[in-house]
Every structure is written in C-alpha cells, then in structure tokens.
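Colleague: The structure that follows is given in the form of structure tokens.
The values are calculated or read from the model by the stated rules, or taken from the named source; none is laboratory data. Computed from a prediction, not measured in an experiment: that's the story for all the values here. Cβ sites come from the backbone with ideal geometry, for glycine too, and all protein chains shown count toward neighbours. Protein only, heavy atoms only, side chains kept; ligands, DNA and RNA dropped before computing areas. Shrake-Rupley method; radii C 1.70, N 1.55, O 1.52, S 1.80 Å.
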Amino acid sequence: MDNKDEKKNMDDLKLVYKASSIAAAERKYQMKFFDAIANLGGIAEIVFFFVAGGATEDDADVFMQKKGITEAMVVIMEAISESGFLGEVKIDMEELRQEMKEATKQAASQITGEASKN
C-alpha cells in the first residue's frame, strides 16, 4: 500500500456494523461485542471494532497512526450509534470527542509524570 492509498483509506474509512460482520469478528477475536464496548480503551478492542465494522486490521493500524486512538474510539462509537446497535441511546459526538481528548491528555500527563519520577 503506498502513501496515497493509506491516505485514501483513512479519509474514506466508513465503519458499518451489521449482525453478520459483528458475529464474524466475535468468532475471529474470541470477543463479545458488548464486552468490547465496555473495554473500548484497549487496542485489541479497537482493532476488533474496525474489523467488525467492515475494515481490516491494516486499516486500523493506519488510522491509529494517522489520527490517534482517541479519534479511533470516537469514529467507532459514532458508527455503532449510526448502525442502530445502541437502540434508543443517542450519543452527542462532540461531547464524546471532547471527553475522550481530555481523558487522553490526563492519561498522557500521568504517564509523563510517572516517567519523570523514575
């Protein structure tokens, strides 16, 4: 994959969740959909959701390298919501994006704070 293809994949990436693709990802990764939602902060769960949404593991790699883990989690939650798998639950995506950015900043500051203590 050349840089142009990587850029195209990242910008055009659209996750679409269907019961059949979720079931296939559950079998492949030995992970349950709602357990993965509860543990979305893990890399394995992010990759699971990319694959369950019709993307590839390579798409997940490129996306996270280019846009970061926080944006990956936001894109996943937005796509899950749009696909109807959360039922009546509506997510304010801007609020979610801000909360995740803040949580990421706090985690990074804890890591750098811990590293500077050592």
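Colleague: When you scan the stretch 15-26, do you find a residue that is touching a Lys or Arg at 6+ places or on another chain (Cβ under 8 Å) and either modelled with pLDDT under 90 or open to solvent by less than 90 Å² (accessible area, probe 1.4 Å) (or both), even just one?
Modeller: yes
Colleague: Would you mind telling me which numbered condition in (1) within 24 Å of GLY87 (Cβ to Cβ); (2) under 13 Å from the mean Cα position of the chain (by Cα); (3) of a type in the set (Val, Ile, Thr) ILE22 fails?
Modeller: (2)
Colleague: So ASP35 ticks every box in (1) of a type outside the set (A, V, I, L, M); (2) closer than 14 Å to ILE22 by Cβ; (3) in contact (Cβ under 8 Å) with a residue 12 or more places away in the chain but one. Which box is left unticked?
Modeller: (3)
This table checks each residue for (1) modelled with pLDDT under 75; (2) surrounded by 15 or more Cβ atoms within 10 Å (Cβ to Cβ).
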site	(1), (2)
ASN9	yes, yes
ILE37	no, yes
PHE48	no, yes
ASP58	no, no
MET64	no, yes
ALA72	no, yes
GLU94	yes, no
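Colleague: Residue pairs, Cβ under 9 Å, 6 or more apart or interchain, first in the stretch 66-78 and closer than 16 Å to THR56 by Cα, second of a type in the set (D, E, K, R) and modelled with pLDDT under 85. List them.
Modeller: LYS66/GLU6; LYS66/LYS7
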